[in-house]
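Reading through the structure tokens given below for one structure.
The values are calculated or read from the model by the stated rules, or taken from the named source; none is laboratory data. These numbers come from a predicted model, not from an experiment. Counting neighbours? That spans all protein chains shown, and the Cβs are built from the backbone with ideal geometry, glycine included. When the accessible area is computed, the model is the full protein with side chains, heavy atoms only, and any ligands, DNA or RNA have been set aside. Shrake-Rupley method; radii C 1.70, N 1.55, O 1.52, S 1.80 Å.
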Amino acid sequence: MTETKFTPRVFSGIKPSGGLTLGNYLGAIKRFVDMQGGQFETIYCVVDLHAITVWQDPKELADATREVAAGYLASGIDPEKSILFNQAQVSGHAELGWIFNCVARVGWMNRMTQFKDKAGSGKDAEAASLGLYAYPSLMAADILLYHATHVPVGEDQKQHVELTRDIAKKFNHDFKVDFFPETIPVIEGPAMRVMNLRDGTKKMSKSGESDMERINMTDDADTISKKFKKAKTDPEPLPETLDGLAERPEARNLVNIYAALNDMTNEQVIAEYAGAGWGKFKPALADLAVEKLAPISGEMARMMQDRAEIDRILSRGADRAREIAEPILKQTYEIVGLLR
Ligand code: AMP
Ligand code: TRP
């Protein structure tokens, strides 16, 4: 298949489940902003249908959706340059998701590590929703509904984008068409995997036990600063070369965060801070994080005072998303032979 047949188009999404973290910002949103206004048409989504694969309080879900939208906007997603909307407003996601449930194989789903992590094993896994199991096939629908060619994500989503490619290939093969692109995952930069501040072997996530292990995008300046100053480290100073971080997950994580926040490579950070102790590096990191993040949390709080404006932006984005999705969905129905 030639890649050139498809318009260069980016799609990515974030779930409105719990608040946004520094992992979402550096691994996803900041990179989405960087891809805006260049060679790609950019489509960014708040994936509320994905959020309900685990229980969400109906009284909180709409505001959680608006808060992720506010996070995108406050970080620099421009609704003129990008299409910004929430998934539930474009019914094609669920429709194509069903067709892909009939393309994907149970054996493929059984290999998805995120399902195993989230659902546990044995009786726990049996109590997981069917939606949680089918989640990657809905994600493939999100991407392929727009014939997206590139998907920027954090490293934890790599397997799901590979599954998306498998679904596209099987669909094209089974129906003897060259219709869906083989989407490329874009996983690059120093922050594709931001780790927990109390345990550098675990991913920073929305749902960890202690709030001290993550930076929330709604944290104020004092909280951000305190969390970095109390972050777990080891007794050694920063090494002279990157190799010196190999067996030091907490130290490596803080260097990566610094690099990503300041648009540097981790090599550049090491070159600048070689031999420095934590008494020097941590306050520098805390100040940098406050400088970059506090304005965003302030702007998110301001935007959340005007929910109607956020709703207008999402609704306009959904109209534009539908314009791209509808012809692709229509052709998909025709290819499958569904009478409409
Ligand atoms: P989620 O919050 O699970 O919907 O994730 C949305 C996006 O943020 C995905 O692209 C994830 O890969 C990315 N992401 C979430 N947590 C992290 C993390 N700790 N490090 C890097 N990227 C992350
Ligand atoms: N599964 C992604 C996550 O948990 C969120 C997501 C849903 C997504 N649909 C997507 C990401 C499409 C990229 C493209 O982080």
query = Within segment 210-222, is there a residue that is within 16 Å of ligand 2 (Cβ to nearest atom) and either modelled with pLDDT under 95 or open to solvent by 50 Å² or more (accessible area, probe 1.4 Å) (or both)?
reply = no
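Of these, F85, F115, which one is open to solvent by less than 10 Å² (accessible area, probe 1.4 Å), aromatic (F, W, Y) and either within 16 Å of ligand 1 (Cβ to nearest atom) or in a helix (DSSP H, G or I) (or both)? Write out each step before concluding.
Details: F115 fails: open to solvent by less than 10 Å² (accessible area, probe 1.4 Å).
Testing whether each residue is open to solvent by less than 10 Å² (accessible area, probe 1.4 Å), aromatic (F, W, Y) and either within 16 Å of ligand 1 (Cβ to nearest atom) or in a helix (DSSP H, G or I) (or both) leaves just F85.
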message = Need the failing condition index for I99 against (1) away from ligand 2 (no atom under 15 Å from the Cβ); (2) free of Cβ contacts under 8 Å to residues at least 60 places away in the same chain; (3) β-branched (V, I, T); (4) open to solvent by less than 30 Å² (accessible area, probe 1.4 Å), just the number.
response = (2)
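Residues checked against (1) surrounded by 18 or more Cβ atoms within 10 Å (Cβ to Cβ); (2) more than 20 Å from S12 (Cβ to Cβ):
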position: A125; (1), (2): no, yes
position: A128; (1), (2): no, yes
position: L145; (1), (2): yes, no
position: E155; (1), (2): no, no
position: V161; (1), (2): yes, no
position: D166; (1), (2): no, no
position: F171; (1), (2): yes, yes
position: K176; (1), (2): no, yes
task = Select, from F40, F32, the only residue that is more than 24 Å from I224 (Cβ to Cβ) and buried (at least 16 other Cβ atoms within 10 Å of the Cβ).
result = F40
request  = Sort through G13, G23 and tell me the only one that's modelled with pLDDT of 95 or more and within 19 Å of L144 (Cα to Cα).
outcome  = G13
inquiry  = I'd like the full set of residues that are farther than 21 Å from A74 by Cβ and either among the basic types (K, R) or touching a strand residue (DSSP E or B) at 6+ places or on another chain (Cβ under 6 Å) (or both), limited to segment 257-310.
reply    = K280, K282
ask   = Counting only residues that are surrounded by fewer than 19 Cβ atoms within 10 Å (Cβ to Cβ) and among the acidic types (D, E), which one in segment 43-60 is nearest to ligand 1 (Cβ to nearest atom)?
value = E60
remark   = Scanning segment 288-340 residue by residue, the ones that are of a type in the set (S, T, N, Q) and open to solvent by 60 Å² or more (accessible area, probe 1.4 Å) total 2
note = Checked D63, D78, D34 against criteria (of a type outside the set (A, V, I, L, M), closer than 26 Å to E213 by Cβ and away from ligand 1 (no atom under 13 Å from the Cβ)); the one match is D63
key: Single unsatisfied condition, A70 versus (1) away from ligand 2 (no atom under 16 Å from the Cβ); (2) surrounded by fewer than 23 Cβ atoms within 10 Å (Cβ to Cβ)   = (2)
message = Can you name every one of the helices (runs of 4 or more DSSP H) wholly within segment 121-239 that holds 2 or more residues which are more than 30 Å from Y333 (Cα to Cα) and in contact with a helix residue (DSSP H, G or I) (Cβ under 8 Å, 6 or more places away or on another chain)?
response = 221-229
query = Restricting segment 256-268 to residues that are touching a residue at least 24 places away in the same chain (Cβ under 8 Å) and in a helix (DSSP H, G or I), which is farthest from the chain's Cα centre (by Cα)?
reply = E267
inquiry  = Regarding segment 89-96, can at least one residue be identified that is within 19 Å of the chain's Cα centre (by Cα), part of a helix (DSSP H, G or I) and closer than 21 Å to P185 by Cα?
reply    = yes
ask   = Hey, any hits in segment 303-319 for a residue that's part of a helix (DSSP H, G or I) and closer than 30 Å to D174 by Cα?
value = no
